[in-house]
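The values are calculated or read from the model by the stated rules, or taken from the named source; none is laboratory data. These figures come from a predicted structure and were not determined experimentally. Reconstructed Cβ throughout: ideal geometry from the backbone, glycine too, with neighbour counts over all protein chains shown. With ligands, DNA and RNA removed, areas are computed over all heavy atoms of the protein, side chains included. Shrake-Rupley method; radii C 1.70, N 1.55, O 1.52, S 1.80 Å.
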Amino acid sequence: MILSTAFVKIGLFTLILLCSLCVTTQSKELLAVGTSFNQIFELQPNGEYTGLGVDILNRFAEQTNVTIHYQIIPWRRAQSMVEHGQADILIGPYYSKEREALLAFSEKAFFRDEIVFYARKDKINSWNGEYHSIKNQRIGKMQGWSYGARFTEQTEMLTINEFVDLKSGIERLSRGDLDLLATNQRDTNTEQWKLKISNTIEPIFPIIDIQDGFMAFPKQGQFDPLRTRFNSFLEEIIQNGTLTTLGQKYRVSLPYDPVLLTPPY
């Protein structure tokens, strides 16, 4: 009787252990959100999500046995969802101190943008890198975008018009309702092509700033293991050259020297 009871206990323990292993090996469902960023996170007409960010996350999902679902939504809502733990990953945010208080950024970035002003080609512009040179200009920017600390500080006393989407800002600039539009070349060049107004506006220099794009995660403790695993994965594909290859595939600038494979700052 005692032996029988022991076997029953061993059997129950084995069953519990096997069930536990089954649970731990099941793919976890994750949600990655963001807004449409050209070459980074896009939804194709056939319903497929593409871009550098998606390619990276799909490779991460395969390596770590998780399933990632994607959703493109307005940028501020996407940030809020990750901030409150309603989504697991935010694709492509630029870093800022304000965002760092709300989001847990990956240790390293996965793309780099140059932030510039666009202006109409038929208008002479006075931008020389100093904000006093454009103090009487009508300036457009995107809601929820981070343009760097200097831009934020220097433009507090300027006339700023905010737009929910880049398309609206480009159209207003091309019509002459704005003098300048602060944006990045990666998104803007593609949007110009879609709107067929590439001969109307152009980037002007010097650049406003350089911004790097990251993955971001909720700051709640239960998401720390996910971020840690992603940090290790990203470091791996930086070191083995995969990120360089993907950057070339999507024609996206990287924040790393492809030879040294180290951040240039």
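Under a 5 Å amide H cut-off, with hydrogens placed 1.01 Å from N, LEU31 pairs with HIS69, ASP88, ILE89 among residues at least 5 apart or on other chains. A simple spin-label model places the labels of ALA101 and LEU43 3.2 nm from each other, with each point 7 Å out along Cα-to-Cβ.
Place the peptides 29-39, 74-84 in order of packing, highest mean first, counting for every residue the other Cβ atoms within 10 Å and averaging per peptide.
29-39, 74-84
What are the semi-axes of the equivalent ellipsoid for the chain, taken as the square roots of 5 times the Cα gyration tensor eigenvalues, largest first, in whole Å?
Values: eigenvalues 413, 64, 59 Å².
Ellipsoid semi-axes (Å, largest first): 45, 18, 17.
Take every pair of alpha-carbon atoms less than 8 Å apart whose residues are at least six positions apart; their mean separation over the length of the chain yields a relative contact order of 25 percent. Here each label is just a point 7 Å from Cα along the line to Cβ, and for ASN231 and ILE72 those points are 3.1 nm apart.
Overall size of the stretch 52-94 from C-alpha positions, given as principal axis extents largest first: 29, 20, 16 Å. Carbon-plus-sulfur accessible fraction, the chain (probe radius 1.4 Å, protein heavy atoms only): 54%. 3J(HN,Hα) along the stretch 188-202, derived from phi through the Karplus expression 6.51 cos²θ - 1.76 cosθ + 1.60 where θ = phi - 60°, amounts to 5, 4, 5, 5, 4, 5, 5, 7, 6, 10, 5, 8, 9, 10, 8 Hz, with x in place of Gly and Pro. Taking max minus min of the alpha-carbon positions on each principal axis, the stretch 31-126 gives extents of 55, 36, 23 Å, largest first.
Rounded to the nearest 0.05, what FRET efficiency do ILE210 and ARG172 have when you use their Cβ-Cβ distance and R0 = 30 Å?
On the way: r = 25 Å, r/R0 = 0.85.
The formula returns an efficiency of 0.75 here.
Only lysines eight or more places from LYS196 in sequence, or on another chain, were considered; those with a Cα closer than 17 Å are LYS121, LYS167. Scanning residues 5 or more positions from GLY213 or on other chains, those with amide H under 5 Å from its amide H are PHE110, PHE111, ARG112, ASP113, with H placed 1.01 Å from N in the peptide plane. With N the number of residues in the stretch 89-152, Rg(Cα) / (2.2 N^0.38 Å) evaluates to 1.41.
Heavy-atom accessible surface of the chain, averaged per residue, reaches 54 Å², computed with a 1.4 Å probe. Is the C-alpha gyration tensor of the stretch 111-219 telling us rounded, prolate or oblate? Criteria: a/c under 1.5 is rounded; beyond that, a/b larger than b/c is prolate, otherwise oblate. Oblate is the answer for the stretch 111-219, as a/c is 1.5 or above yet b/c matches or exceeds a/b.
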